[in-house]
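Visitor: Let me begin by handing over the structure; questions about it come next.
The values are calculated or read from the model by the stated rules, or taken from the named source; none is laboratory data. Bear in mind the structure is a predicted one, so any value in this text is a computation, not a measurement. Ideal geometry is used to build each Cβ from the backbone, glycine not excepted, and the neighbour counts take in all protein chains shown. Calculation scope for accessible area: heavy atoms of the full protein, side chains included, ligands and nucleic acids excluded. Shrake-Rupley method; radii C 1.70, N 1.55, O 1.52, S 1.80 Å.
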Amino acid sequence: MHNFTVFCFSSAALLACVKSVFPPPCDSEIYCTGPILHQVQEAKLFDDDKYFVDMKLRETPDVVLSAFHNLSQGHPNMTVPPGELQEFLTTYFEKPGTEFESWTPPDWHDKPKFLGRIADQELRNWAEKIHQLWKSLGRKIRASVKDHPELYSQIYTPHPVVVPGGRFRELYYWDSYWVINGLLLSEMTDTAYGMIQNFLYLVNRYGFVPNGGRIYYERRSQPPFLTLMVESYYQATKDKDFLRSALPGLEQEYRFWMQNRSVAVKLNGALHVLNRYHVQAGLPRPESYTDDLELAEGLTDERKEQLWMDLKAGAESGWDFTSRWYIDGDGHNNGTLRETRTSQILPADLNALLCLSEKTLASFHRILGDGDSAALYDQAAARRLQAIESVLWDAERGAWFDYNLVTHSKHFEFYPSNLAPVWAQCYSRPEMGEKAVQYLKRSGALRFPNGVPTSLTDSGQQWDYPNAWPPLQHMLISGLSKLPSEDAKQLALDLAQRWIKTNWLAYTKYEAMFEKYDVNGDGKPGGGGEYEVQLGFGWTNGVALQLLDQYGATLTSGSRHLSSGPLLPLVISATLMLQWIRGDKGA
C-alpha cells in the first residue's frame, strides 16, 4: 500500500483527502475551445453538436487553425457564413467514424451456456439475438489514432471495445460495467479483459477514467465502476495474476475520487467525508455546445461558469440530465435545467458505490494475502457506512436520500438511487433493508407495469419520469434479490418480469434494443433530453442477459396474454437501424 493512501485512510487526516488536484484541461483549440468550435456549433450545421467534435482532421491542427484564421479575416466580425463553413469542413475534416475499423470479437461463439437456463422458448430465442448484437457493437481503434493523435478527438486505447451504440461511437465508462457482465455471460472473456485493460490504461494516463473515449471528456469521469468490473472478471476467471496487476490502477482511481471528489460534512459535532460529482471546467460542453450556450443566456459570467461546471458534473454523474440535480434560489430541489447544481449534492448512489468498492478492494487484498492493506479498506468502508447512515439515512422514511450542501438537508423526492445502499449491501442493520422495501412500496414508483421510473417528476429531462433506465432497474432488482425476506425477493422477480417484458415487446416491434424505455407504454422507447433515443444498446443488452440468466427458469414472454395494440409511431427502416447500431450516422 502506498504511504499516500495510508495517509488518506488516517481518520485524523480526513480533511487532507478533500484537497483537489484536478487533471489538466483538454487543450485542443479545435475540439474543446476556440473559434472553429464556436462558429461551427453556432451555425448548427448538424442535428447533433457531437457530430462536429467527432470529425477527423485532414491536416494538422496548426494548418487548420491558420486556414480558418485566414478565412475569417475576409468577413465582418470574423464570422464565416454557414455555406463557407460547410466548404471549410469538407476541405479540412472527415466525417465521424473513420477512426474505427470493423471488428468482430473473435471470442464470440454460438450457444453460450446461459441460454440453456432460459425456460421460455420465445425469451431464449430473443436472448440469442441479443447475444448476436455484441458482434455489431465491436469497435477497434485504428493505429493511425495512436500515431497521429493530434488529428482526432478519439482517445487511443490499445484493445478493441464494445460500445453503447448510436451516437455513442466510442467507449463509455459506466455503461461498460453492464456490457462486461453481459460479455462474461456470453463467454466472451477475452473481449471483457481487453475492455478492463483499456480502463486501466486510461487510469495510468489520466489518474482516473474519463467519461468516454474523447479528449473533450478529459476533465470529467463517470460513476467509478472499474473495481466492480474487475470483481466481475475475477469471479468469472479466478485469475489472481490479473487481480494483482489491476490492483495498483484501482487504488489510483480510488485516490482520485477521494482527493478530487470528496467533501467533509460536520453533523452533530462529527466530521464525515462523503463524495460528490464535481468538474472544475467552466465552459460549454463541446459535444452539447449550443445547448449549453443557449441555456446560459442572460446569466452573469460567474453564474454561466458555475452552470457549465455543474452541467459537466451532471454528465459525470451519468444522469444527464435530471431534476435530481436541481437546486432553486431558495435551496429547494426544484426548478429547471438552469438550476442544475450537481456539485452541491452528495448522492446516495455514488457513496453506496464507493462503499462497495472499498469493501471489494479490501477483499482483493485479502485474496492476495495482504491483510494489513485489507484492514485499511475495511476501515474506510466502515467510516463511509457511518457517514452514509449519519448524513443520508432517514429512519422515519426508511431510505437514503441525497444531501444538499446549500441547505444542509436531505432531498426527499423519489429516485431509485434512494435504495442504492441496498444494492451495495452498505447498511448496518437488517431492518434497514426491509424498511427500504416498504419505502419503495409507498413511493408510488411501483404502479407502472413497464419498469420503475427514474423519478416521479415529468421535467422533460431524460433521467426523469417517464423514462426507465437499464442500470437503475438492475441495481434495484439486484439489491432486492439479496434481501432475506421472501417479500423482497418476490418484488425483485416481479420487477425483473416487468423489465424483460418491456424490452422484449420493444424488440418484437422494432427488432432493436434501446438505451431507455417509457414506463407508460408496452415496449415504448424512452424520450426527452438532448438527443433522440438511441439504438444498440450496450447496457440494455447486458442487463437483459443478466436478468434472463438470474431468473430464466421463471420469466415468461407472456406473448399469449398481451394484446398487440396499434404499432407505436416510431418507424425505423432496417437500413437506418443498422446505421445507428454501427455508429456511422452522425445526427
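Visitor: For segment 173-189, what are the residues that are open to solvent by less than 20 Å² (accessible area, probe 1.4 Å) and within 15 Å of Val543 (Cβ to Cβ)? Can you show your working first?
Guide: Applying the first criterion (open to solvent by less than 20 Å² (accessible area, probe 1.4 Å)) to segment 173-189 yields 173-176, 178-183, 186, 188.
The answer is Trp174, Asp175, Ser176, Trp178, Val179, Ile180, Asn181, Gly182, Leu183, Ser186.
Visitor: In addition: Residues Glu150, Glu170, Glu128: which one is farther than 25 Å from Arg58 by Cα, of a type in the set (Asp, Glu) and either under 28 Å from the mean Cα position of the chain (by Cα) or not in a loop (DSSP other than H, G, I, E, B) (or both)? I'd like the intermediate steps shown before the answer.
Guide: Working: Glu150 fails: farther than 25 Å from Arg58 by Cα; Glu170 fails: farther than 25 Å from Arg58 by Cα.
Just one listed residue meets the conditions, Glu128.
Visitor: Okay, moving on. Can we say Asn268 is out of contact with any strand residue (DSSP E or B) (no Cβ under 7 Å at 6 or more places or on another chain) and open to solvent by less than 20 Å² (accessible area, probe 1.4 Å)?
Guide: No, not satisfied.
Visitor: Can you tell me which residue in segment 524-536 is most open to solvent (accessible area, probe 1.4 Å), limited to those that are over 20 Å from Thr290 (Cβ atoms) and touching a helix residue (DSSP H, G or I) at 6+ places or on another chain (Cβ under 8 Å)?
Guide: Residue satisfying both the conditions and the ranking: Lys524.
Visitor: Another one. Do any helices (runs of 4 or more DSSP H) entirely within segment 378-482 hold 2 or more residues that are under 30 Å from Thr502 (Cα atoms) and touching a strand residue (DSSP E or B) at 6+ places or on another chain (Cβ under 8 Å), and if so, which? It would help to see each step written out before you state the result.
Guide: On the way: elements: 420-424, 430-442, 470-482.
Per the criteria, 420-424, 430-442.
Visitor: Which of the residues belonging to segment 544-559 are hydrophobic (A, V, I, L, M, F, W, C) and under 11 Å from Leu185 (Cβ atoms)? Talk me through it step by step, then tell me what you get.
Guide: At the first step, the residues of segment 544-559 found to be hydrophobic (A, V, I, L, M, F, W, C) are 544-545, 547-548, 553, 555.
Of everything in segment 544-559, those that are hydrophobic (A, V, I, L, M, F, W, C) and under 11 Å from Leu185 (Cβ atoms) turn out to be Ala544, Leu545, Leu547, Leu548.
Visitor: Also, I was wondering about something else. Which residues, taken from segment 31-74, are open to solvent by less than 20 Å² (accessible area, probe 1.4 Å), part of a loop (DSSP other than H, G, I, E, B) and either farther than 18 Å from Gln154 by Cα or of a type in the set (Asp, Glu) (or both)?
Guide: Asp48, Asp54
Visitor: Oh, and also: Of Glu94, Glu87, Glu99, which residue is within 21 Å of Leu151 (Cβ to Cβ), among the acidic types (Asp, Glu) and surrounded by 19 or more Cβ atoms within 10 Å (Cβ to Cβ)?
Guide: Details: Glu94 fails: surrounded by 19 or more Cβ atoms within 10 Å (Cβ to Cβ); Glu87 fails: surrounded by 19 or more Cβ atoms within 10 Å (Cβ to Cβ).
Of the residues listed, the single one that is within 21 Å of Leu151 (Cβ to Cβ), among the acidic types (Asp, Glu) and surrounded by 19 or more Cβ atoms within 10 Å (Cβ to Cβ) is Glu99.
Visitor: I've got another one for you. Does at least one position in segment 387-394 carry a residue that is more than 28 Å from Pro210 (Cβ to Cβ), more than 23 Å from the chain's Cα centre (by Cα) and open to solvent by 30 Å² or more (accessible area, probe 1.4 Å)?
Guide: So in segment 387-394, the residues more than 28 Å from Pro210 (Cβ to Cβ) come out as 389-391, 393-394.
Keeping just the survivors that are more than 23 Å from the chain's Cα centre (by Cα) gives 389-391, 393-394.
Next, from what is left, pick out any that are open to solvent by 30 Å² or more (accessible area, probe 1.4 Å): 389-390.
Yes, the conditions are met somewhere in segment 387-394.
Visitor: Something else: I'm told Glu511 meets every condition in (1) crowded, with 21+ Cβ neighbours inside 10 Å; (2) at positive phi except one. Can you identify the failing condition by its number?
Guide: Of the numbered conditions (1) crowded, with 21+ Cβ neighbours inside 10 Å; (2) at positive phi, the odd one out for Glu511 is (1).
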